[in-house]
Amino acid sequence: MTSNRHNTAAGRTAGDAVLDAARDCVLAVGVRRTTLTDIARRAGVSRMTLYRRWPDVRTIVADLMTREWTRIAADVHPPDDGRAVRPRLVDGLVAGVRAFRAHPLLRKIVEVDPELLLPYVLDRLGASQHAFLELFEESLRAGQDDGTVRAGHPGRQARAVLLVVQSFALSGPTVTGDDPELSPEALDTELRAVLDRMLAP
């Protein structure tokens, strides 16, 4: 997320300060119990300042989720380390799912406000999902170029990858248990195998 305000001395924007405040509020009490007044007070701005940009808490939280999820994508986007594209892409996707699943904001939303996620699963794609698709397509095209990803329509392939990683990230914790053979780590191994096989030529 960007802001048209000047950057602070620390390189953070006023918008970042609001999103940081919203994150702290949501982690403390959940989305439904967070108010614009709470966020404004924590961010050190007036409530009217928030109203100029965000009409309600949910729009702030939507921007917050976009920022947090795309940061995960940026952190795990596979760098060119000399390996072929497919193993780098699969490694990045598995690491991203692991990071997303453990993210404190996601865990809090799933725990107390899971309905916030439903539109992005059942109704429409969010900004972060569009960003993921763009990154996936870029990597898949590169993998097709080096011969490690099967030929096909990269847009369709990217959407199939999104469906797989999204289900492992959101539903994975519901299918793991105390059995070490059903641990999150074991599920990550299965995800790696699924992704590798679905993308291999």
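I need a count of the residues in the range 116-131 that are among the aromatic types (Phe, Trp, Tyr) and touching a residue at least 60 places away in the same chain (Cβ under 8 Å).
Of the residues in that region, 0 qualify.
Return the residues of the range 14-49 that are farther than 11 Å from Leu105 by Cα and among the aliphatic types (A, V, I, L, M); say none if nothing qualifies.
Ala14, Ala17, Val18, Leu19, Ala21, Val29, Leu36, Ile39, Ala40, Ala43, Val45, Met48
Among the listed residues Glu138, Glu134, identify the single one that is assigned to a helix (DSSP H, G or I), within 16 Å of Trp69 (Cα to Cα), free of Cβ contacts under 8 Å to residues at least 40 places away in the same chain and acidic (Asp, Glu).
Going through Glu138, Glu134 in turn, just one is assigned to a helix (DSSP H, G or I), within 16 Å of Trp69 (Cα to Cα), free of Cβ contacts under 8 Å to residues at least 40 places away in the same chain and acidic (Asp, Glu): Glu134.
Out of Leu162, Leu170, Leu135, report the one residue that is under 16 Å from Gly96 (Cβ atoms) and out of contact with any Leu (no Cβ under 8 Å at 6 or more places or on another chain).
Leu135
What's the total number of residues in the range 147-165 that are assigned to a helix (DSSP H, G or I) and either buried (at least 18 other Cβ atoms within 10 Å of the Cβ) or modelled with pLDDT under 95 (or both)?
Summing the residues that are assigned to a helix (DSSP H, G or I) and either buried (at least 18 other Cβ atoms within 10 Å of the Cβ) or modelled with pLDDT under 95 (or both) in the range 147-165 gives 5.
State all residues of the range 26-42 that are buried (at least 22 other Cβ atoms within 10 Å of the Cβ) and free of Cβ contacts under 8 Å to residues at least 60 places away in the same chain; if no residue qualifies, say none.
Residues satisfying the conditions are Thr34, Ile39.
The values are calculated or read from the model by the stated rules, or taken from the named source; none is laboratory data. Everything quoted here is computed from the prediction, not taken from an experiment. In this analysis, Cβ positions are derived from the backbone assuming ideal geometry, glycine residues included, and neighbour counts consider all displayed protein chains.
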